[in-house]
Every structure is written in structure tokens, then in C-alpha cells.
Amino acid sequence: MAKNLVEVNNIKKYFPIHKGLLNRVVGNVKAVDDVSLTIREGETFGLVGESGCGKSTLGRVILRLQSATEGSVKINGRDVHSLSNRELNKMREEMQIIFQDPFGSLNPRFLVKDVIGEPLKIHTKMSAKEIDNRVVELMNLVGLDPTRRNRYPHEFSGGQRQRIGIARAIALKPKFIVADEAVSALDVSVQSQVINLLMKLQKEMGLTFLFIAHGLNVVRHISDRVGVMYLGKMVEVGETESLYANPLHPYTAALLSAIPKPSPTKKRNRIVLQGDVPSPANPPSGCRFHTRCPFASEKCSKVEPKLQEVMPGRQVACHFPIGVEGGSDLSKLNR
Ligand code: SF4
């Protein structure tokens, strides 16, 4: 089995809430609350959850684009959050990010060749000619016409702009890429083109991905394993096919039930969650999902379930996992 490239241990990211004339801290938004995960070399780990669950914050903390309140992140054995600025700058060559909004993340005043070539200019001693050659190579690699490198990002379509973002992210031949909602803003047909491109590059370059999306349907094709987050907590982790076939956590089951079936004649047993996602500034006691869970019992509101392995390759944070002896039974739900 491949070694772990990314090791996230008990990461917390709290944002203080200030109030009053003295700007006192009166509480914290617990965006990420004690999350651990590992990503193996060459693997794609899909991370999903509703908006505001902390998945993007976790991605940024892993890359140290944001500091951690507690916990550690190791990439290739090095503790990212204890590196000096100089060491971090060097390490940035190995870890990159692709953003959701390709237009917002590309400098509109830069020509495409400058957008893609900028990391090479900053991190390498390549000459202008060498950078131009590499830009041509990168544009070919991501399926863009290199003769258009003297144009501006706004002259490209949404899908093409995302390809520009990808070319920029792989310019320094990184080991690890966080794709943060990288296809969420694209049409469905363009989404699959970009996902196929990422898979092709992964094969050719041996990349490791953390692929963040809000829907389980988007991550299935690309992910080897999937993690599901709810209100700052990881609630389930598993091998992709096993998790989609048999979700253990009621929240995962609800997300899966919301994916439309390919055939309109097929019955869709949708689990409709009650209420809204509670505030991460004041999360519910015990299991954070108990206010919306159709299987919640008294224990759920009092005792926080820990993420633990209940079968090989499957972890869940639930007192009554679905399909496990003594656990929840989906067929007993009134639909
Ligand atoms: Fe539902 Fe209880 Fe499991 Fe939480 S611990 S997901 S409330 S059954």
C-alpha cells in the first residue's frame, strides 16, 4: 500500500467572535473541530458536506493558507504549520490549490501566459524563454491552444479558465493539490471534462488530490475514498464504492438520497432532513446531527460519538450506524 502523503491530526480552526466597545471575544465559530484524516500518495480523497460545514477551511488549513487553532498537518513527513516562512515558501512548490471561481482567482490584468508562468517566475530561476516554452507545454497538457497565451482570462470560457487555473497549479510539478470546489461553478458537461483532465494528470504526474465538493454525486467518479463533514466534524470516511452502496451515517444516507436517479421511473427514497444546519458558533450537544437526524435518541443529544472503524476501511461517528447490528434501519423510516 502507498505511504501516507498527508497526515492531518486533530485539527481545530476556530474564528473568534468579537463584541462590544472593548472588542471582547465572546465566543468562537468552530469551523473545523478536531478533524483527523490521512491521504495516501497518488490517492484522491473526496471531501463533501453542505456549505458552511468547514470543508474549505480544512483545505486551507492543510495548505497553511490559514493558521490552525490546534492540531498538526504533515505533508511528506514535514509539519507544515511549524515551518519557517522561507521553508514554507519552498514547500509551496509541492502543494497547490485550484479554486472554485476560475475568474475570481485569475488576475484579469495578466495575460494567460503570465498567469500560468507566474509560479515559475517566483519559484525558479528559469529564463523568460524557458518559462514561455513551459507555458506552451502546460497549455497543451491541459487541452488549451497555446497560440492563445497572449490573451486575457476574460476571453476564455468558464471551463477553459478552470483549465488555466489547473495549468498554473501544476506548473511547479507539485505532489499534492487541493481542488476546492474546482468544478462546482461549471456546467455538468464541462464538469466531467475537467474531472477527466484531473484524473489524466494524476495518472501522468502521480498527483495526490484533496477534492472538495458540496455534493456526493460530483466526487464519486474521481475519488478513491470519501470523507463526509457535518458542522465542523468528520462524520464518515470510507472507500468510495462501499460508502455509496452502504452509507453508515444517517447524514451520508440523506445526502445520497438527494442525488437524482438516472431514470425517472426508478423510485427515489429521499430522506428529508428537518430544520436548518445549526450555527457552528453554538453547535448542538452530543452528536451535532441529532437535531436533524431521523434516528436520534436520548443518548445522541448527550454523548458525542467518536469517529471509529466499524468495519475494514469504514469509519463512522454515530452511536447507531445504519446496517450495523443494533444500529439504525433505513427501511423503518416513514417516507
Ligand atoms: Fe443520528 Fe444519533 Fe447517529 Fe447522531 S449519533 S447520527 S443523532 S443516530
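Nothing in this text is a laboratory measurement; each read-out follows from the coordinates by a stated rule. Because the structure is a prediction, the values reported are computed rather than measured. Using ideal geometry, Cβ is built from the backbone for each residue, glycine included, and neighbour counts are taken over all protein chains shown.
Here are some notes:
- Among GLN202, ALA213, LEU243 the positive-end extreme of the charge dipole of the chain (Cβ point charges): ALA213
- Rounded to the nearest 0.05, the FRET efficiency derived from the C-beta distance between VAL272 and GLU241 at R0 = 41 Å is 0.95.
- Around ASN140: net Lys/Arg minus Asp/Glu count, Cβ-Cβ under 14 Å: +2
- In this entry, the chain is assigned a mean projected area of 20.2 nm², taken as a quarter of its C-alpha convex hull surface.
- Taking THR44, THR291 and counting other C-beta atoms within 10 Å, the order from fewest to most: THR291, THR44
- For the residue pairs LYS30/LYS121; LYS12/LYS125; LYS3/LYS90; LYS200/LYS261, the alpha carbons lie more than 29 Å apart in LYS30/LYS121; LYS12/LYS125.
- Between the Cα long axis of helix 188-205 and the first principal axis of the chain there is an angle of about 70°, rounded to the nearest 10.
- Other residues lying with their Cβ under 10 Å from the Cβ of SER56 contribute a combined charge of 0, Lys and Arg counting +1, Asp and Glu -1.
- Counting only Cβ charges, +1 for Lys and Arg and -1 for Asp and Glu, the dipole size of the chain around its Cα centre is about 400 debye.
- Taking Lys and Arg as +1 and Asp and Glu as -1, the other residues whose beta-carbon sits under 13 Å from that of ARG220 total -2.
- Taking the C-alpha atoms only, the angle from helix 158-170 to the longest principal axis of the chain is near 80 degrees.
- Hull volume in cubic angstrom per residue (convex hull over the Cα atoms of segment 247-335): 125 Å³
- Peptides 18-30, 229-241, 273-285 ranked from most to least packed, by the mean per-residue count of other Cβ atoms within 10 Å: 229-241, 273-285, 18-30.
- Additional length obtainable on full extension of the chain from LYS200 to GLU93, 0.36 nm per residue less Cα span: 36.5 nm
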